[in-house]
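The values are calculated or read from the model by the stated rules, or taken from the named source; none is laboratory data. Given the structure is predicted, the values throughout are model-derived calculations rather than measurements. With ideal geometry, Cβ positions are generated from the backbone for all residues, glycine too; neighbour counts draw on all protein chains shown. Note: areas computed on protein heavy atoms with side chains; ligands, DNA, RNA excluded. Shrake-Rupley method; radii C 1.70, N 1.55, O 1.52, S 1.80 Å.
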Amino acid sequence: MKKPSEKASGKGQSNSKKPPPKRKPSQGSVDIYAAQCQECLKWRVIDTQEEFEDIRQNITEEPFYCNRKPNTSCDDPADIEYDATRTWVIDKPNLRKTPEGFKRSLVLRKDYSKLDPYYITPSGKKLRTRNEIASYLKEHPEIKDVSASDFDFAAPKIMQDTIPEIVGKKDSAKKKIKMSNDDNQVEL
């Protein structure tokens, strides 16, 4: 699963003329972070979640450019192409950086309908809501200068055109599955 920084205006930049191969859905969290260059629209892999969050929290005021990565320019080939070989998600721009000592984790639902954001505490406990965070902070007064409002549970947008065909695309609120058996068609 990919997590680009702002918007996927680089959509369809794949050099391949063939449709992407069918792939097995994978569950889990983000495995690569990427940001799109404001100038050339190429995607650049961002080495760490922390570096990605630095870029994301100021993306409107400080757009990402290729030269922000060492030894990289717009003349270099893209690090990664936006295509359906993986599921891409777009995080909310200017989302606050995760407080030090905590880690933001995103878990994809099996039906690919949403990513659920969680925060992992310094002690390894998974917190699912702002109320859980407030309780945790109250129980751990040694954690200074952090409040529940420092955590954002906004879920990134899943790019529908990158969801594996096996899963099926989300078609508004209802999902229709057509099964064909000779001349008989059944809609579920």
### Residues being surrounded by 15 or more Cβ atoms within 10 Å (Cβ to Cβ) and either among the hydrophobic types (A, V, I, L, M, F, W, C) or assigned to a loop (DSSP other than H, G, I, E, B) (or both) - total across the range 108-143
11
#### Entry: Number of the exception - E62 against (1) surrounded by 14 or more Cβ atoms within 10 Å (Cβ to Cβ); (2) part of a loop (DSSP other than H, G, I, E, B)
(1)
### Query
Are any residues in the range 65-94 open to solvent by less than 90 Å² (accessible area, probe 1.4 Å), part of a loop (DSSP other than H, G, I, E, B) and free of Cβ contacts under 8 Å to residues at least 40 places away in the same chain, and if so, which ones?
Y65, K69, T72, S73, C74, D76, N94
### Message
I'm checking my understanding of the structure. Among residues of the range 144-169 that are in a helix (DSSP H, G or I) and free of Cβ contacts under 8 Å to residues at least 40 places away in the same chain, which one is least open to solvent (accessible area, probe 1.4 Å)?
### Response
A148
### Task
Residue by residue through the range 27-41, note down the ones that are at pLDDT 95 or above, open to solvent by 50 Å² or more (accessible area, probe 1.4 Å) and at negative phi.
Q38, E39
